[in-house]
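Participant: Sharing a structure, written as structure tokens. Questions coming.
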Amino acid sequence: MKSLLSLIAAACCVGALSAQTTVLTEDFNLNIVPPAGWITQNLNGSTTFTEPWNTDGFGQAWHGDGGSLDGQAENMLATPMVDFTGMTEVYFHMDITTNWVAYMAHSNPSYGNGVTTLEVSHDGGATWMVVWTDDVLTADQGVVLTRDIDLSAHAGHTGMMIGIHFSGD
């Protein structure tokens, strides 16, 4: 039986790096997931998946792949709408810890199909575009890694949402 695969997004911040303008910040310190204004989406309509985005009680959001009777989890934790008008550089900063890396699809060998991506939406979360895929190494299992994802291709846009998508069974 596969063990729990968890993703911990400890701090998420969207902003223009050069000017250090912070558009949105969330540190999950209230231990509420989703935080106020954020949403979770069940992207494949699984009715028996019992392990959605959660809080660990220590200021971290996490997602696991256990508990689904009908297979695949496809769950998104998404920010409120953000406005990048007037910006030319935009970065998403997060601290992320991945456990059970051998169950991630990119791992060699891989014992599962887990994938974590960062995605953006220009239409309020109706559709999503992948902008980053987690490629954590087995040696970094359980280690807090800081990720700085360049979203500058989306600078100047308004009504953007950014989501952390976990897929796995």
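Participant: Sort 152-164, 27-39 by the packing proxy (mean of other Cβ within 10 Å over each peptide's residues), most packed first.
Facilitator: Details: 152-164: 17.5, 27-39: 15.2.
Ranking, from highest mean packing down: 152-164, 27-39.
Participant: Oh, and also: State the extension gain, in nm to one decimal, for the chain segment bounded by residue 25 and residue 123, taking 0.36 nm per residue of separation less the distance between their alpha-carbons.
Facilitator: On the way: separation 98, 0.36 × 98 = 35.28 nm, distance 2.11 nm.
Contour length minus the Cα-Cα distance gives 33.2 nm.
Participant: Which length gain, in nm to one decimal place, applies between residue 150 and residue 131 when the Cα-Cα distance is subtracted from 0.36 nm times their residue separation? Mind showing how you got there, number by number?
Facilitator: On the way: separation 19, 0.36 × 19 = 6.84 nm, distance 0.84 nm.
Working it through step by step, the gained length comes to 6.0 nm.
Participant: Now for a separate question. What net charge do the residues around residue 132 carry, taking every other residue with its C-beta under 14 Å from that of residue 132, with Lys and Arg at +1 and Asp and Glu at -1?
Facilitator: Details: positive: 147; negative: 119, 134, 135, 148, 150.
Cβ neighbours under 14 Å give a net charge of -4.
Rule-based calculations on the coordinates, nothing more; no lab input. Just so it is clear, the model here is predicted, and its values are computed rather than measured. Glycine also receives a Cβ, built like all others from the backbone with ideal geometry; neighbour counts cover every protein chain displayed.
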